[in-house]
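Have a look at the structure below, then the notes.
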Amino acid sequence: MKPLQDIIVIDFSQFLSGPSASLRLADMGAQVIKIEKPGTGDICRHLYVSEVVIEGESTIFHAINRNKQSYAADLKNKEDLEKVKQLLKSADVVMHNFRPGVMTRLGLDYESVKAVNPSIVYAEVNGYGEEGPWKELPGQDLLVQALSGLTWLNNKQTDYPTPMGVSVVDILAGTHIAQGILAALYQRAIHGTGALVQVSMLEAALDFQFEVLTCFYNDGGQLPVRSAVNGAHAYIAAPYGIYRTADGHLALAMGDIRILCKLLDCEALAPYTDAGDWFSKRDEIKQVLAKHLTTQATKYWLSILEPADIWCAPVMNYDTMMKEPAYQALHMDLQVKTSNGLSIKTTRCPIKIDAEIFHSEQGAPLLGEHNSLIEKQFGLVSY
């Protein structure tokens, strides 16, 4: 039995932040009912992020909505809205990622739902919180990365602010709201009370930077300074970074420059014996390393550094990583099937409980695929 078996989640959210959270709940056994607009559905169905399309829909939609049910309902239609309200009476969790005020106008806000289901766990993700001048701004991943300062931590000092190459804020916000939901479900199990769980994407992005923001708070407001050479972390000394080799790239984490000098047979590092210089003179040191490491192949350097317990790694792309036994041992890929029988490969839930990996072969639903099933299960009737 999966840990969230018999938990019913009504999910109004779209695109990534909310659906990534409900995906995790579905992986752990919850029945996730995705409320979608008839005709168009979740905007993620057609918001393509690549040229890869599956059954006329976005690959992202299929990746993030597997193992869910779709209930098509026009929330501006009185009859459909009434059915959804009936559905909410049986729910354990309700979640959405609309801008502030949208659910209130529909009569589906926390207080309204709580009035008919007092033990409900009501979760909402928004862009910038319920208050403040940014509350109406679009909560889009790139925009939040830009506003939160995150883009100033990436790349070299002389380069433009650089966003992360994945929708990191969306996924982080989804992770946090899932954590909040699970905590609220535990509270409900102990005390019988529901809860309102709220996360903004901006707060998720700021929490993601707790390490560097704590430095900023306690360092007289000194802004982080990216390294001008092989930048990787604004607050970590040399040799931290990614370096070109004769045939690829090598990642070096924290390390003792004096030891690297001997191991790499790099005499140019000999003057840097004072550990205090490894930050203040990090660009000098990294420039020396960058030049030296191009003289040999990645495997050559690894054969020297790994036996000496120096923290390092080859830099891989997806193709090279997936050929590695270490990747294959994880069994991270998951094969699911759509209702039309199309087989799709995606990633599995990364969580194990009692050594159990949570698998499901059910792919993302067709729009409105489960209307009849859900109406029968919950006895929904028209008024």
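Rule-based calculations on the coordinates, nothing more; no lab input. As the structure is a computational prediction, the values presented were derived from the model and not from experiment. Because the Cβ atoms are built from the backbone with ideal geometry, glycine has one as well, and the counts that use them run over all protein chains shown.
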* Quick one: net charge around ALA253, please, counting Lys, Arg +1 and Asp, Glu -1 for every other residue with C-beta under 14 Å from its C-beta. => -1
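Sort the following peptides by mean Cβ neighbour count (other Cβ atoms within 10 Å, averaged over residues), highest first: 172-178, 76-82.
The packing order, highest mean first, is 172-178, 76-82.
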* Structure fact -> Quotient of Cα radius of gyration and Kirkwood radius for the range 161-318, i.e. Rg/Rh, equals 1.13
* To do: Within 10 Å of each residue's Cβ, count the other Cβ atoms and sort SER148, SER200 from fewest upward.
  => SER148, SER200
* To do: Report, to the nearest 10°, how far helix 17-27 tilts away from the longest principal axis of the Cα atoms in the chain, using its own Cα long axis and a range of 0 to 90°.
  => 80
* Quick one: if the Förster radius is 35 Å, what FRET efficiency do TYR327 and LEU373 give, using the C-beta to C-beta distance and rounding to 0.05? -> 0.40
* Cα gyration tensor of the chain - equivalent ellipsoid semi-axes, whole Å, descending -> 47, 24, 18
* When Lys and Arg each count +1 and Asp and Glu each count -1, what net charge do the other residues less than 13 Å away from ASP27, Cβ to Cβ, add up to? -> +4
* Which percent, nearest 5, of DSSP beta bridges in the chain are antiparallel? -> 40
* Is the range 241-322 rounded, prolate or oblate when judged by the Cα gyration tensor, a ≥ b ≥ c being the square roots of its eigenvalues, rounded requiring a/c under 1.5 and prolate requiring a/b larger than b/c? -> prolate
* Would you mind checking the range 228-261 for residues with the amide N under 19 Å from a putative spin-label position 7 Å along Cα→C-beta of ASP219? => 228-242, 253-255
* Dipole size in debye (nearest 20) for the range 241-322 around its Cα centre, Lys and Arg Cβ +1, Asp and Glu Cβ -1? -> 120
* Using Cα positions and a limit of under 22 Å, work out the lysines in reach of LYS291, with same-chain residues fewer than 8 apart set aside. => LYS156, LYS262, LYS281, LYS299
* Structure fact -> In debye to the nearest 20, the charge dipole size for the chain, taken about the Cα centre with +1 at each Lys and Arg Cβ and -1 at each Asp and Glu Cβ, equals 380
* Structure fact -> Any lysines whose Cα falls less than 24 Å from that of LYS34, other than same-chain ones fewer than 8 residues away, would be LYS2, LYS68, LYS76, LYS78, LYS83, LYS85, LYS89, LYS114, LYS337, LYS345, LYS376
* Computed on alpha carbon atoms, what radius of gyration and Dmax characterise the range 276-383, expressed in Å? -> 25.2, 77
* Counting other beta carbons within 10 Å of each Cβ, put LYS34, LYS89, LYS135 in order, fewest first. => LYS89, LYS135, LYS34
